[in-house]
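Below: the structure, in structure tokens.
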């Protein structure tokens, strides 16, 4: 689903697309046409908005920041660009974040802002802990042929590519929430989100190929493997959904069901979807990859242990919503253990 990303693993640190404009401009357009502003006040303090330009920030985003505040060694910076590589300095694992509004066009109504919280001492809870981040967004429905507007995400920077047979474990732990409004919700209220016609997923996105270099290109790699922890709305059906479940696997109490299909780039897309919305997760997801080896024996549509993992990202594919929604990632750790 995220196959059409405009940014690959090599170029993520470079802003590839022009800004779609700050959300202040979008709000002005909506107000002028009698529509509800994108980031209207919900009666409380809002951490999102157009913000002011920033010449630099502690995340390494440079001029991409639309506003930054700092207090007691903690910086909070907002990015509303269509695409911008945000690489927070860290004494441990390195990550790159990106608003990644790759599906936005001149006719799109709405927009997105990413907020990143970083520690100026470059030290996090563990060596594999990522910075906290969130995105607030609202889009109108896109065309049926391309319903996804953005895949705001965080990507592992300094470990990949790795040959799959040289990986022992992929320990993945997270806590996320989705909520209506412009602030991070404490819990996810699915009834409220469904009432606002939220269409999105929450997903890991990985790319594989037998060639080490090609595995790092999201549009040319042979295989895309996704792990979804939630999906909202009928528009977010995975590729191959109509063909039914291929197999299932339970990881630390969470059951995932596998769907398989081919996208418009002729890439093989394998999607593991949690049977129930899973806000908190901790476990080794590597078996969701090794399970595919048994399927590859009878079909070339699945990767083998000789392939390379070139890209590992986590984020949300934003389709559409009737009002502002905020996706918050308050805890995330990724530890790819090599053999």
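The values are calculated or read from the model by the stated rules, or taken from the named source; none is laboratory data. Quick caveat, the model's predicted, so the values are computed rather than measured. Quick reminder, even Gly has a Cβ in these numbers, built from the backbone with ideal geometry, and neighbours come from all protein chains shown.
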What about residue 317, is it outside any loop (DSSP other than H, G, I, E, B) and closer than 14 Å to residue 205 by Cβ?
yes
Run down 104, 159, 148 and say which single residue is assigned to a loop (DSSP other than H, G, I, E, B), under 20 Å from the mean Cα position of the chain (by Cα) and more than 30 Å from residue 307 (Cβ to Cβ).
104
Filter pass, residue 319 being touching a helix residue (DSSP H, G or I) at 6+ places or on another chain (Cβ under 6 Å) and closer than 30 Å to residue 197 by Cβ:
yes
Using the structure shown, decide if residue 266 is at positive phi and assigned to a loop (DSSP other than H, G, I, E, B).
yes
Looking only at residues that are part of a strand (DSSP E or B) and surrounded by fewer than 21 Cβ atoms within 10 Å (Cβ to Cβ) in the stretch 107-123, which one is farthest from the chain's Cα centre (by Cα)?
119
List the number of the failed condition for residue 138; all other conditions in (1) in a strand (DSSP E or B); (2) more than 17 Å from residue 182 (Cα to Cα); (3) modelled with pLDDT of 95 or more hold.
(2)
Output yes when any residue across the stretch 211-219 is within 23 Å of residue 112 (Cα to Cα), touching a strand residue (DSSP E or B) at 6+ places or on another chain (Cβ under 7 Å) and not in a loop (DSSP other than H, G, I, E, B), and no when none is.
no
Inspect the stretch 171-181 for any residue being out of contact with any helix residue (DSSP H, G or I) (no Cβ under 9 Å at 6 or more places or on another chain), farther than 28 Å from residue 213 by Cα and modelled with pLDDT under 95 and give the result as yes or no.
no
When you scan the stretch 186-195, do you find a residue that is crowded, with 18+ Cβ neighbours inside 10 Å, in contact with a helix residue (DSSP H, G or I) (Cβ under 7 Å, 6 or more places away or on another chain), touching a residue at least 40 places away in the same chain (Cβ under 8 Å) and not in a loop (DSSP other than H, G, I, E, B), even just one?
no
Would you confirm whether or not the stretch 328-336 contains a residue that is in a strand (DSSP E or B), over 24 Å from residue 169 (Cα atoms) and in contact (Cβ under 8 Å) with a residue 40 or more places away in the chain?
yes
Among the residues in the stretch 293-307, are any surrounded by 18 or more Cβ atoms within 10 Å (Cβ to Cβ) and in a strand (DSSP E or B)?
no
Filter result for residue 165 (surrounded by fewer than 21 Cβ atoms within 10 Å (Cβ to Cβ), out of contact with any strand residue (DSSP E or B) (no Cβ under 9 Å at 6 or more places or on another chain) and in contact (Cβ under 8 Å) with a residue 24 or more places away in the chain):
yes
